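Enquirer: This is the structure I have questions about; it appears just below.
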Amino acid sequence: MDFGLVELSAEDRALQSEIRAFLAEIFTPDVFQHEHETGSGFNPKVYEALGARGWLYPELPVEQGGAGFTPVQKRIMELELIRQDARVMMMQGTSSLPMAAVRKYMDPAVADPILKECAAGRAVMCLGYSEPDGGSDIANAKVRAVQDGDMWTINGSKMWTTGAHISTYTFLITRTDPEAPKHKGITMILVPLKSEGVTIQAIRTFSGERTNIVYYEDVQVHDSMRVGGVNNGWTVLHGPLDEEHSIGLDMNGGLTDVSVGTGMCRVLGASMNEVASWAHKATGSKGQLLADDIRVRESLGAAMVDYEAGISTPGPMGRVKASDVLVKNAAALQDLVGTVGLLPMNTEGSIGNGDIEYAHRFAQGTATYGGTVEVFRTIIAQHVLGLPKAQLPGAKVFLAGKKK
Amino acid sequence: MDLVELRRNDYTLEEVSQEVLVAFGDFFSDQCPTSLVRASQPLGFDQGLWDRLVEMGTTTMGLPESAGGDGAGMVELALVAEEFGRAIAPAPYIEHIVTSRALAAADNPALVEILAGAADGSRIVALASAPITPGAKQLVPAGAIAKDVLAFVGEDLVLFSVDTPFPHVANQGSTPLAWWDFDSVSQRTVIATGDEALRIYTRAHDERMVLTAAALVGMTEYALGLTVEFTKTRETMGVLIATLQGVAFPLTDIATNIAGARNIARKAAWYLDFSPDERPELPAIALVYASQTATHGTQQAAHLQGGLGFTVENDISMYFLRAKGWGSIAGDPNALLATIGDQVLASVK
Ligand SMILES: Cc1cc2nc3c(=O)[nH]c(=O)nc-3n(C[C@H](O)[C@H](O)[C@H](O)COP(=O)(O)OP(=O)(O)OC[C@H]3O[C@@H](n4cnc5c(N)ncnc54)[C@H](O)[C@@H]3O)c2cc1C
């Protein structure tokens, strides 16, 4: 057990200062403005500046485009980026999932140049999993890929492909054997998004995050872009999915967050800080300083208890807890500050330049993307509590046959 | 608060801690079946179990070596508390341990005899929850079996001693609670005064909150286990109720809360051991969250056994009643929330 401050060597301390100074330089005001306008979770200037130093995936060895950082150095980098703005770095996290699969399963002759482009910040990858008919039943994907010699022909549509409009590749779940049980008939293909037949349309969400619907019409992709065996997609997918679900995370001697929920909770933490700062200045109806008001003190205390729970609950359970506490407390903090809690960024009197207003909108998406909290409760029921699976008819369907 | 502090977040238990956990887990499951818990009601104390706990070294492990103890830290004591709570053992483990540690910390020659009695378990000691105000009686946890109670009076930390403890008062948690009329107690030993007194008293309260939090975690986990087993055999409309999301999902929420509450309690214990001046709000957070977890968790666990979960005969009833009964003894949740809030407010100043 260890919760102490990480003791840095002189070298690491110097690196930390260097990183801090560099990030302060590249995260210019227009970067934030760009993110606010696009909601893309990506900025080519920032990514390429980081990539040029091997700092986008700094834990990778230098020959793979990284900087060979130790776990401590990687953690320094991670936290310094969060200090700047986690939103802009979304696609860095998204890309890292398919990158791991590409590295593991593809022919190095094809994979290496792709991975280098990613590490250099010139290419990003998105996740083409969910479809218009439903994202929770991920193994039920219907986008069809048919092989003819060295080429695959892909048809269908994917929904919620976040980052498709700025990505070079999508890591696509395709149906390659409609007769097989659903988990056994899917294949992963890394599809270049500039391919002919790909059409991308924006979907706007009320957190400001942009996502996309992507249509595939007779899209031709070479077999060398297949990731893992034909019809073996479920196994290939599991590596990245488990990572997204915080299952089997290498805790690195406590140098990682205990679950993906910590990132969600930082938005709550930022709101709490803003409310606390506000309470030191604002006064109530009887002229009392709100920092002394029992209602404010108790509400901030309650939020803090939930925040601590959100960042302390491990694995898949942490994902559910963090979303739950964020949803609950974002609304509660808005209630606490009153009408000013409704004011967005760049408006007169908004708290923390709109942080409180933003948190309530942002919170709602966390219950859905990356697998809904209901899907996670199903995972917890089976894998943590060992409860028997429900016998649902769709659990056994054969996609095309719908055999009885 | 700093959201990007470069700290470790490592919950892995050391090997010795793991051994403590297993040893006490085995001890309580052998020595403290629920039949013994039931038989000890309503007082909530079993002398035989207490004697065996003393033999296990429970009353000395947390005392400093200078006081004849083994110098165990809060992390290990919290692990014992988790197993103690799992068994809802009728013994004043928490009260006695935190009070003896406070007495040892006072390092006062007048206490040598009492400390020896506390170490060998022959003298049960306890801690008053609030400062003494003349003319008002106070409900003292373990007050019906303790002859020595540590309390804050004005600027002083005072040990009140009696020959016969005050009579037990019935309570929801079946704990040895008693109304102490401190005014009537003439045997008083001032053990510390001023800042020193406040420091020892605050520390004892923090320790009590953390150990109670850990006990509530074990308690809730045992109750959850009872209901998980029930749902795997109980059927409705031809299916096991465990396969229904209306049953399974609330159970996952209990498990989720337990996992977080356990980590917070252990982290709070670690801070008390290794970094006591930082995160002063953690013991309160640990207690508040574990209390919420236990109250909600045991209620849901009882409810998901239907009418059977509402019966006295079902062991889950004992867990449900102690969730509130033990949690409220260690601190007033609303007062604690305000002090936690004060830390958030202070962190941005
Ligand atoms: C902003 C945003 C970004 C996203 N980014 C990506 C991305 O980059 N790539 C990608 O592939 N997907 C992405 N998604 C899609 C996301 O993963 C899905 O929205 C999610 O998995 C749920 O799928 P659905 O929206 O089709 O809802 P459905 O699966 O249709 O579910 C509808 C409701 O039913 C519930 N439900 C479904 N099945 C069960 C069940 N078995 N038990 C209990 N309840 C159930 C769900 O919890 C939900 O509340 C994104 C979504 C959003 C909103």
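Enquirer: Tell me, how many Å apart are the Cα centres for region A:262-332 and for region A:140-159?
Expert: Here the two parts' Cα centres lie 46 Å apart.
Enquirer: Scanning chain A for GluC sites (Glu not before Pro) in DSSP loops with at most 13 other Cβ atoms within 10 Å, what's the longest stretch left with none?
Expert: Longest gap between qualifying sites, sites excluded: A:8-178.
Enquirer: Counting pairs of alpha carbon atoms under 8 Å apart in space and at least six apart in sequence, what relative contact order in percent does region B:198-348 give?
Expert: 33 percent
Enquirer: So, one more: Tell me, rounded to the nearest percent, the portion of alpha carbon pairs in chain A spaced more than 33 Å apart.
Expert: That tail contains 38 percent of the Cα-Cα pairs.
Enquirer: Still on this structure, please answer the following. Once the Cα atoms of helix B:74-86 and of chain B are each reduced to a long axis, what angle between those two axes, in degrees from 0 to 90 to the nearest 10, is obtained?
Expert: Helix B:74-86 sits roughly 50 degrees off the main axis of chain B.
Enquirer: Would you mind calculating the relative contact order of chain B from Cα pairs under 8 angstrom and at least 6 residues apart, reporting the percent as a whole number?
Expert: Relative contact order comes out at 17 percent.
Enquirer: Counting only DSSP beta bridges with both residues in chain B, tell me the antiparallel percent, nearest 5.
Expert: Rounded to the nearest five, the antiparallel share is 85 percent.
Enquirer: Long-range amide H contacts for residue B:191: which residues qualify at under 5 Å (H placed 1.01 Å from N, peptide plane, sequence gap of 5 or more or a different chain)?
Expert: Those lying under 5 Å, H to H, from residue B:191 are B:157, B:158, B:159.
Enquirer: Antiparallel DSSP bridges in region A:125-245: what percent, to the nearest 5?
Expert: 85 percent
Enquirer: With the Cα gyration tensor of chain B giving a ≥ b ≥ c as the square roots of its eigenvalues, does the rule (a/c under 1.5 for rounded; else a/b larger than b/c for prolate; else oblate) give rounded, prolate or oblate?
Expert: Here chain B falls in the prolate category.
Enquirer: Using only Cα atoms and rounding to the nearest 10 degrees, what angle (0 to 90) does helix A:108-119 make with the longest principal axis of chain A?
Expert: Between the helix axis and the principal axis of chain A, the angle is about 20 degrees.
Enquirer: Now for a separate question. Would you please give the residues with an amide H less than 5 Å from that of residue B:44, counting only those at least 5 places away or on a separate chain, with H modeled from the backbone geometry?
Expert: Counting only residues 5 or more places away or on other chains, the set is empty.
Enquirer: From the backbone phi of region A:87-99, what are the Karplus-calculated ³J(HN,Hα) couplings (6.51 cos²θ - 1.76 cosθ + 1.60, θ = phi - 60°) in whole Hz, Gly and Pro given as x?
Expert: Whole-Hz 3J(HN,Hα) from phi for region A:87-99: 4, 4, 8, 4, 5, 4, x, 4, 4, 5, 5, x, 4.
Enquirer: Sort region A:125-245 into rounded, prolate or oblate with this rule: let a ≥ b ≥ c be the square roots of the eigenvalues of the Cα gyration tensor; rounded if a/c is under 1.5, and if a/c is not under 1.5, prolate when a/b is larger than b/c, oblate otherwise.
Expert: oblate
Enquirer: Within a 10 angstrom radius of each residue's Cβ in A:292-301, how many Cβ atoms of other chains show up on average? Whole number is fine.
Expert: Partner Cβ neighbours, averaged per residue: 6.
Enquirer: For helix B:333-347, what angle does its Cα long axis make with the longest principal axis of chain B, in degrees from 0 to 90 and rounded to 10?
Expert: Helix B:333-347 sits at roughly 80 degrees to that axis.
Enquirer: What pairs from A:321/B:232; A:321/B:324; A:328/A:389; A:389/B:232; A:158/A:182; A:286/B:349 go past 20 Å between their alpha carbons?
Expert: From A:321/B:232; A:321/B:324; A:328/A:389; A:389/B:232; A:158/A:182; A:286/B:349, over 20 Å: A:321/B:232; A:321/B:324; A:328/A:389; A:286/B:349.
Any read-out appearing in this document is the output of simple, stated calculations on the displayed coordinates, not a laboratory observation. Given the structure is predicted, the values throughout are model-derived calculations rather than measurements. Ideal geometry is used to build each Cβ from the backbone, glycine not excepted, and the neighbour counts take in all protein chains shown.
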